[in-house]
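Novice: This is the structure I want to talk about, given as structure tokens.
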Amino acid sequence: MTDHTDDLNLKDRLDLIERMIAEGRRTTESWGWTFLLWGVAYYVAIAWSTWGSGNLAWPVTMLTAGALTGFIAWRRKRNQPPRTVGLAISSVWAAMGISLFLLLMSLGNSGHLTLHSSIAIVSAMLGMANAASSFILRWRLQFACALAWWISAEAACFGSDTQCWAVFLAVIFLCQIVFGLYAMLAEARERRPGALHA
């Protein structure tokens, strides 16, 4: 017996792929709040570590943001069936988040973490996750975010402290806050009565 996809002609297969990509983009748009949440969390951790007791700022803020993300995601998605593209993208982001947390905690506790290395690591890994998502979804805007994160990683490697911070803070604003708001607005447009689906 042949697989159902073997019975589809090429046009039907391409239509299916396009529908899956469009659904993946809508799924990512529905997660726009996470970009915004994490952008704010980065700013809170930066401010806390700069003007408060710096040792606990990042772990407490990141664990809180992670727990809040998990709780809100559970509340929003508990009655919806998982979708293949959404699972693939969320897996990329979860793996990146866990890796980033473990690596930075270990480097921080060992005393080997510097300003430049921490920004380079965060920026490179966020660039990777955005790039992977953009490749899966064929979404140029998210790939632009990946490029911005990679520029931030390079600035951390080759720039001064001031350049490193300036680029990092700007990229957080563009790729977390602005991209998150854009995705949330796109999702709101999709939910309007009479909205057309691509």
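Rule-based calculations on the coordinates, nothing more; no lab input. None of the values given here were measured: they were computed from a predicted structure. Glycine also receives a Cβ, built like all others from the backbone with ideal geometry; neighbour counts cover every protein chain displayed.
Novice: What is the Cα radius of gyration of region 112-198 over 2.2 N^0.38 Å, N being its residue count?
Specialist: 1.29
Novice: Can you give the extra length, in nm with one decimal, that the chain gains between ALA170 and LEU107 once fully stretched, where that is 0.36 nm per residue apart less the Cα-Cα distance?
Specialist: The span from ALA170 to LEU107 would gain 20.2 nm if fully extended.
Novice: Measure off 7 Å from each Cα along the Cα-to-Cβ vector at ARG75 and ARG191, then give the distance between these two points in nanometres to one decimal.
Specialist: The two pseudo-label positions are separated by 1.3 nm.
Novice: From the square roots a ≥ b ≥ c of the eigenvalues of the alpha-carbon gyration tensor of region 97-153, which class results: rounded (a/c under 1.5), prolate (a/b over b/c), or oblate?
Specialist: oblate
Novice: Continuing with this model, one more query. How many times 2.2 N^0.38 Å is the alpha carbon radius of gyration of region 57-174?
Specialist: Here the answer is 1.15, to two decimals.
Novice: When the convex hull of the Cα atoms of region 39-119 is projected onto a plane and the area is averaged over all directions, what value comes out in nm²?
Specialist: In nm², the orientation-averaged hull projection of region 39-119 is 6.1.
Novice: When only DSSP loop residues count, what trypsin sites (Lys or Arg not before Pro) in region 61-167 have their Cβ near at most 16 other Cβ atoms within 10 Å?
Specialist: ARG78, ARG83, ARG138
Novice: As an exercise, use a Förster radius of 22 Å and the Cβ-Cβ distance of LEU87 and PHE158 to find the FRET efficiency, rounded to the nearest 0.05.
Specialist: Step by step, r from the Cβ atoms, then E = 0.05.
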